[in-house]
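Structure record follows, encoded as structure tokens.
The values are calculated or read from the model by the stated rules, or taken from the named source; none is laboratory data. Here the structure is a predicted model, which is why all the values come from computation and not from measurement. Here the Cβ is made from the backbone with ideal geometry for all residues, glycine too, and neighbour counts use every protein chain on show.
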Amino acid sequence: MLLILGAILALGLFLVMRPLRLESPASGSARAMLRLDHALGATLEPVDTAIAIRAGLPRGQGYLVVTSVASGGPAAAAGLRVGDILQAIGGRPPDQLSVTGYSGPISIWRGGKTVSVDVHFSTGGTGRSA
């Protein structure tokens, strides 16, 4: 019994003394998407095969679907809605972009047709990622 209590105490001390380490997303594309989320004021996810088929869009084009929109952010100001599919930002695929300074059109797929909205990124905009 004393041995078990000692092991629990040692584990507790180990966990308390161990420095807390916050992990960042593993891939560069995941980090780029987080920067784009932040600049746009919306949460974006890659369009998977099921979403592409349902929307009647080609697969593997780098499209991103809007899963949430922050009130008062650039996405809300531009009129983006949950379910909108970003097809292009400044004429480039949205999954190949990083935040670097942009105001201009975003092509979105909404209700079975392509619509263009103007957006001004809060902390930048787009440029090719490496």
Charged (D, E, K, R), modelled with pLDDT of 70 or more, in a helix (DSSP H, G or I) and closer than 20 Å to G111 by Cβ: does that describe R54?
yes
When G41 is run through (1) touching a helix residue (DSSP H, G or I) at 6+ places or on another chain (Cβ under 8 Å); (2) at pLDDT below 70; (3) small (G, A, S), the failure sits at (2)
Sole miss for S68 among (1) surrounded by 20 or more Cβ atoms within 10 Å (Cβ to Cβ); (2) assigned to a strand (DSSP E or B) is condition (1)
Among the residues of the stretch 74-84, the number that are surrounded by 14 or more Cβ atoms within 10 Å (Cβ to Cβ) and either under 10 Å from T43 (Cβ atoms) or touching a Leu at 6+ places or on another chain (Cβ under 7 Å) (or both) is 2
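Any residue that is of a type in the set (S, T, Y), at pLDDT below 65 and either surrounded by 16 or more Cβ atoms within 10 Å (Cβ to Cβ) or not in a loop (DSSP other than H, G, I, E, B) (or both) - is there at least one of those in the stretch 86-108?
Narrowing the stretch 86-108 to residues of a type in the set (S, T, Y): 98, 100, 102-103, 107.
Subset that is at pLDDT below 65: 98, 100.
When the remaining residues are screened for being either surrounded by 16 or more Cβ atoms within 10 Å (Cβ to Cβ) or not in a loop (DSSP other than H, G, I, E, B) (or both), the result is 98.
Scanning the stretch 86-108 turns up at least one residue that is of a type in the set (S, T, Y), at pLDDT below 65 and either surrounded by 16 or more Cβ atoms within 10 Å (Cβ to Cβ) or not in a loop (DSSP other than H, G, I, E, B) (or both).
Quick check on the stretch 57-73: of everything there that is touching a Gly at 6+ places or on another chain (Cβ under 8 Å) and modelled with pLDDT under 90, which residue is farthest from V119 (Cα to Cα)? Explain how you work it out, then say what you get.
Of all residues in the stretch 57-73, those touching a Gly at 6+ places or on another chain (Cβ under 8 Å) come to 65-66, 69-70, 72-73.
Going one step further and asking which of them are modelled with pLDDT under 90, we end up with 72-73.
Working: G72: 13, G73: 10 Å.
Ranking the candidates gives G72 first.
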Q) Could you say whether any residue in the stretch 16-27 is at pLDDT below 70, more than 22 Å from the chain's Cα centre (by Cα), assigned to a helix (DSSP H, G or I) and exposed (fewer than 10 other Cβ atoms within 10 Å of the Cβ)? A) yes
Residue hits (the stretch 113-130; modelled with pLDDT under 75 and within 15 Å of G91 (Cβ to Cβ)) are G125, T126, G127, R128
